[in-house]
1. Residues being surrounded by 13 or more Cβ atoms within 10 Å (Cβ to Cβ) and among the β-branched types (V, I, T): count how many of those fall in the stretch 44-56.
2. State all residues of the stretch 27-43 that are loosely packed, with under 11 Cβ neighbours inside 10 Å, closer than 17 Å to L66 by Cβ and of a type outside the set (S, T, Y); if no residue qualifies, say none.
3. Looking at the stretch 1-14, which of its residues are assigned to a strand (DSSP E or B) and loosely packed, with under 11 Cβ neighbours inside 10 Å?
Amino acid sequence: MLLKEHRFTVFAGAEVHMFTIEELVGGLAFWPQRFRLKLPASSRCEAKTIYGADCEKVAQEAADVLAGEADWEEKGKVKRWSPKPPVVPPQTLQIQE
């Protein structure tokens, strides 16, 4: 099995998360889609594997999962991923590859 890794940094509130998304390039594997991210279990949720056809969409879905787990005082603190991430304070969500 041949994999390519894509790395993302996600800022969610005061927490910083590092994502390593695997891309199935070749070989025998039974993935439903080309990209995969394994989120480890935490005290708030079970482990989860996210699959997708697009690397950025997998990263965004993982960020949404993390944002859903966080105890936010204001829902407006989470911003969606955009290809040109602005310079933002640590309270917002930002994904960079």
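Since every read-out is calculated from the coordinates, none of them should be taken as a lab result. Predicted model only: the values in this text are computed from it and were never measured. In this analysis, Cβ positions are derived from the backbone assuming ideal geometry, glycine residues included, and neighbour counts consider all displayed protein chains.
1. Qualifying residue count, the stretch 44-56: 1.
2. Within the stretch 27-43, P40, A41 meet the criteria.
3. L2, E5, listed by residue number.
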